[in-house]
Amino acid sequence: MTLPSRHIHQHFSLGSSLLRLADAASVAGGLVLAVRFVGMEASAYALHGAAAVIVHYLVAEFGGMYRSWRGASPEREIFGSLMSWSASFAILAAFGFASGMLAEFPRSLLALWLVCTPLLTVASRTILRQVCRVLWARGINTRQFAIVGVNELGFQLARNIEQSPELGLKLAGFYDDRPEDRNPSPPPGLKTRIGGIENLVADAKAGLVSRIYITFPMRAEDRIRGVLAKLADSTASVYIVPDFFVFQLLHSRWTDIGGLPAVSVFENPLYGVDGVVKRLFDLMVGGLILACVAIPMALIALVIKLTSRGPVFFRQLRYGLDGKEILVWKFRSMRVLENGDKVTQATHGDPRITPLGSILRKTSLDELPQLFNVLEGTMSLVGPRPHATAHNEQYRALIDGYMLRHKIKPGITGLAQVRGFRGETDTLEKMQKRVECDHEYIREWSIWMDVKILVRTIFVVLKRENAY
């Protein structure tokens, strides 16, 4: 049987239109403020402002800034806005320099425009969020939704929506055709079961419910088809919520294959613009850090050479992105260079560690050469810490999902390290906790999360816990 071609479409959104207008007003308003401040005539820069609005619109559209931000954190939206304007300004500046038009702009005007626009953008998006929250809290422009399926997935969905008032949804109740004695009781605070599917269809036709979520398990295909056939006689929006919680999801996302939707279960979160942003972040911040520590690194290299026999650097085989082997740079801190099928982790008072190596390891200065890995692209500043190849082979057989930590580049620091799971993993439980943190990082990644981990790493290094 040939499946009909089906496509997923995005509908018109008043919210996205308001965001476009707010961004256009911010770009133009920022220029007007800058021009007025330097005492020039705004009309002379009208064409430049129009061009800037168009460029920023294209950059923001490409970066997904006009999608629905319902349920997303304000910090993520604000950071995305700042990155969009930074990229737009860089494009405008590059074009202005190449064409010679940049000479028409006083440097003070450019600096003020660069600062005023993001301030207006952040203010406008924050105001829009607050206005929507107030309206939804008062029941204005909210929609009643129903959940088909009295089960744990339905309860979790109801709680998630309840904790996201910015979605503008109010729960009408649960519907299910199964006998009540076969249904679990909803948790306190959630509305109870209203009735069966026939009741749902009647309520949908009467306009009492405008959105319906079906939370039956995926194996209940016949039940789902039956519900969909009955709801086809209403105008309610219907969504199927697959019980993917039975799997260990790792940054799942929807994709489209010839019109047929598919959802990834294990996925790299750094695709598209996010991957470019993280790479640029690594290059800029990593390059800046390397420039600051270049002289201390040269002094460390000299002292290593003078105080012990052997090379200054130690390059150890470890697994990188997609499980491919990479060579990770470190300052040599031991008298041995283990890099084979068996690698013994360093322990407290380990006799293999040199006197200088002990200081380097406690202060994490031995990790500084990994900045070379970051610049060459085999590592990132933040990500799951790379383990020796021998340890990977050992733990992949003991911990479910262990190799999923290699869906992104390894990092100099990571979420596990700032939560206290650094140093020796002398028990399986410690390694499991580290892997859980790595999975959480992959699921929840954002550039803001990277910034917070880098800042927390400074305090972790100063405390010197579990470092030897």
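The values are calculated or read from the model by the stated rules, or taken from the named source; none is laboratory data. In this text, all values refer to a predicted model and were calculated from it rather than measured experimentally. Backbone-built Cβ (ideal geometry, glycine too); neighbour counts: all protein chains shown.
Just to be sure, is GLY80 surrounded by 13 or more Cβ atoms within 10 Å (Cβ to Cβ), at pLDDT below 80 and within 14 Å of LEU19 (Cβ to Cβ)?
no
How many of the residues making up the range 132-172 are touching a Pro at 6+ places or on another chain (Cβ under 9 Å) and at pLDDT 75 or above?
Result for the range 132-172: 9.
What residue, of LEU157, LEU208, is within 17 Å of ALA236 (Cα to Cα), touching a residue at least 24 places away in the same chain (Cβ under 8 Å) and not small (Gly, Ala, Ser)?
LEU208
Quick check: is even one residue across the range 456-467 free of Cβ contacts under 8 Å to residues at least 40 places away in the same chain, in a helix (DSSP H, G or I) and either β-branched (Val, Ile, Thr) or in contact with a Leu (Cβ under 8 Å, 6 or more places away or on another chain) (or both)?
Yes, that holds for at least one residue.
Confirm whether GLU162 is in contact with a Leu (Cβ under 8 Å, 6 or more places away or on another chain) and among the acidic types (Asp, Glu).
So GLU162 passes the test.
With the checklist (1) within 30 Å of ASN183 (Cα to Cα); (2) outside any strand (DSSP E or B); (3) at pLDDT 90 or above in hand, flag the one item ILE54 doesn't pass.
(1)
Okay, residues lined up against (1) under 25 Å from the mean Cα position of the chain (by Cα); (2) modelled with pLDDT of 85 or more:
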| residue | (1), (2) |
| --- | --- |
| SER13 | yes, no |
| GLY29 | no, yes |
| LEU33 | no, yes |
| ALA44 | no, no |
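Quick one: would you say ALA390 is part of a loop (DSSP other than H, G, I, E, B) and either under 29 Å from the mean Cα position of the chain (by Cα) or in contact (Cβ under 8 Å) with a residue 12 or more places away in the chain (or both)?
The answer is no for ALA390.
Can you tell me which residues in the range 37-51 are in a loop (DSSP other than H, G, I, E, B) and not β-branched (Val, Ile, Thr)?
Within the range 37-51, GLY39, MET40, GLU41 qualify.
Residues are listed down the side, and each one gets a yes or a no for (1) touching a residue at least 24 places away in the same chain (Cβ under 8 Å); (2) closer than 26 Å to PHE281 by Cβ; (3) touching a helix residue (DSSP H, G or I) at 6+ places or on another chain (Cβ under 7 Å); (4) surrounded by fewer than 19 Cβ atoms within 10 Å (Cβ to Cβ):
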residue	(1), (2), (3), (4)
LEU371	yes, yes, yes, no
GLY377	yes, yes, no, yes
GLY411	yes, yes, no, no
LYS430	no, no, no, yes
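Go through (1) modelled with pLDDT under 80; (2) within 30 Å of ILE412 (Cβ to Cβ); (3) of a type in the set (Phe, Trp, Tyr) and name the single condition PHE281 misses.
Going through the list (1) modelled with pLDDT under 80; (2) within 30 Å of ILE412 (Cβ to Cβ); (3) of a type in the set (Phe, Trp, Tyr), PHE281 breaks only (1).
In the range 209-241, which residues are in a loop (DSSP other than H, G, I, E, B) and either among the basic types (Lys, Arg) or loosely packed, with under 14 Cβ neighbours inside 10 Å (or both)?
Within the range 209-241, MET218, ARG219, ALA232, ASP233, THR235 qualify.
Pairs please, first residue from the range 395-407 and free of Cβ contacts under 8 Å to residues at least 60 places away in the same chain, second anywhere and of a type in the set (Asp, Glu) and assigned to a helix (DSSP H, G or I), Cβ atoms under 7 Å, 6+ apart in sequence or on different chains.
Short answer, once both residue conditions are applied: ARG405/ASP438.
Tally up the residues in the range 362-380 that are farther than 13 Å from SER333 by Cβ and part of a loop (DSSP other than H, G, I, E, B), please.
Qualifying residue count for the region: 3.
For SER124, which of the numbered conditions (1) surrounded by 19 or more Cβ atoms within 10 Å (Cβ to Cβ); (2) assigned by TED's automatic domain parsing to the domain that holds VAL241 fails to hold?
(2)
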